[in-house]
Amino acid sequence: MKTLESILEGLPCDVIGSAKISIDDIVFDSRQVKPGALFVALRGVHQDGHAHVAAAVKAGAVAVIVEKDIAVSSVTIVKVKDSLKALAHVSLRFWDYPSNRLRMVGITGTNGKTTTSYLIESIFSAAGWPTGVMGTINYRFKNESVPAPNTTPFSSEIQRFLSKIIEKGGQACVMEVSSHALELGRVEGIEFDVAIFTNLTQDHLDFHKTMEAYAAAKAKLFEQITAESPKSYPRAVILNADDSWAEKFAARTKAPILRYRLNAHADLYTRNLVCDATGSRFDLHASGHTIPVKLPLLGDYNVMNALAAAGAALSQGIDLKTIGQGLEQIDGVPGRMERLVSPKGFTVVIDYAHTEDALRQVMTALKRLKPHCLLTVFGCGGDRDRTKRPMMGEAAANMSDEVIVTSDNPRSEDAGRIALDVEVGVRRVRSDHYQIILDRETAIAAAFEMAVAGDIVLIAGKGHENYQILKDRTIPFDDREVARRLLAQPS
């Protein structure tokens, strides 16, 4: 049992009321408050937690952390300058610094985080290390998983999950670490042993405004990796040396660095790479040794993800043979290059690609399979970086034979206006062989109607997501389920 006094220790704050009270939980959503909880009022973009303090108290909160004066007198009030930082502070103490008892791997970058996390999980499993994963698809350990509302959740949920991994016998955790999480301090106090950089391309400029600010947020992860550790695990930074931002991040850490490259000498690199419809085959070179690898994932960018995962494992003392076994036993990644085959003989590929770079990488991998035609169905999310929309449209038009622009998650924006932003880029390349069909299922059906044997239909942007966020509601929608249903219909 923790007391409010013990978890507030070291936090600059003003306490009104008794701090010598027991705290049973920490929450920031008033709907999750149970008797004995500490409620932390967070200011968000769309909502202010201070408006829900009364509801939290009514539900049984015994104390609240706030940034401004509130009209509540029946519970202990803790006033701070920054509720987000306070949440991180008290969560670390409430759950007893769980990252200090786990081997922690953090992955940051624009693309590739999810696949890299799955690959590391597979390698750690081959090494006999029970591993939890927190990322874009879900938060999971062993046979338990919950959907992920955020790539990297708020600090209290991170500490809660890490504590559960320990309770259930886990030894490691792999986390996707988003730029938002780094900028907002969600991972403050986490003792990462390994930090991985996959790549940096344009995204999230609605939040960061400039690429330099975006990179500065990413750099915080590498600054967090110090040379010395309170744990016995080795420290390491794993960098994609084929990305121009890598050396900027190298300068921000004091930990040992491993660099990886595709077909060029580095600490980890490949030779004799062959990519086909079954995946990739290559020789993995590291630590003066070489092993052949058969990776059952499409695209050379997934080979780069495999190198990043191998670097993390190597830094923790896992031998190359076990690394190879882990890479080869992966059974795909949900919503990443998932393949379906039509009775008509064309192939459907569903992928999460939602940036220009990711879309280009996926289309490049598919073009190497020499389809008769590549038909691409995609859209762009609303309330997100508008500048990437024409760039994605131009990329799709350059590399596809047919393009169908549709809706993604329009959120509060008009789906038609988003599509027009995308069309600007498409028309830089062509004025025909494209169409706008805003209803996503109708767009997918139209692509299937056009496709013939030997074609590939790429459905991009949503991948594993099983919902679509509209202006006034969120509806069930899964590209994979829709595609299977449409393919099963008699032609």
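The values are calculated or read from the model by the stated rules, or taken from the named source; none is laboratory data. Here the structure is a predicted model, which means the values were calculated and not measured. Note that each Cβ is placed from the backbone with ideal geometry, even for glycine, and that neighbours are counted across all protein chains shown. The accessibility values were calculated without ligands, DNA or RNA, using every heavy atom of the protein model including side chains. Shrake-Rupley method; radii C 1.70, N 1.55, O 1.52, S 1.80 Å.
Listed values, structure above:
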| item | result |
| --- | --- |
| Every residue from segment 205-249 that is without any contact (Cβ under 8 Å) to a residue 24 or more places away in the chain and either buried (at least 19 other Cβ atoms within 10 Å of the Cβ) or in contact with an Asp or Glu (Cβ under 9 Å, 6 or more places away or on another chain) (or both) | ALA213, ALA216 |
| Test: ASN150 is within 26 Å of ALA41 (Cα to Cα) and in contact with a Pro (Cβ under 6 Å, 6 or more places away or on another chain) | no |
| Residue count for segment 339-398, restricted to those that are over 22 Å from THR210 (Cβ atoms), surrounded by fewer than 20 Cβ atoms within 10 Å (Cβ to Cβ) and of a type in the set (Ser, Thr, Tyr) | 3 |
| Qualifying residue in segment 82-104 (condition: outside any helix (DSSP H, G or I), open to solvent by 10 Å² or more (accessible area, probe 1.4 Å), closer than 18 Å to LEU314 by Cα and out of contact with any helix residue (DSSP H, G or I) (no Cβ under 6 Å at 6 or more places or on another chain)) | yes |
| Test for ILE330: is it open to solvent by less than 20 Å² (accessible area, probe 1.4 Å), closer than 27 Å to PRO292 by Cβ, part of a helix (DSSP H, G or I) and modelled with pLDDT of 95 or more | no |
| Number of the condition not met by VAL303 [criteria: (1) open to solvent by less than 20 Å² (accessible area, probe 1.4 Å); (2) part of a helix (DSSP H, G or I); (3) in contact with a helix residue (DSSP H, G or I) (Cβ under 6 Å, 6 or more places away or on another chain)] | (3) |
| Set ALA63, ALA59: member being of a type in the set (A, V, I, L, M, F, W, C) and open to solvent by less than 10 Å² (accessible area, probe 1.4 Å) | ALA63 |
| Qualifying residues in segment 444-491 (those that are among the basic types (Lys, Arg) and part of a loop (DSSP other than H, G, I, E, B)) - the one surrounded by the most Cβ atoms within 10 Å (Cβ to Cβ) | LYS462 |
| Meets criteria (within 32 Å of the chain's Cα centre (by Cα) and without any contact (Cβ under 8 Å) to a residue 60 or more places away in the chain) for VAL66 | yes |
| Residue check, LYS68 open to solvent by 10 Å² or more (accessible area, probe 1.4 Å) and assigned to a loop (DSSP other than H, G, I, E, B) | yes |
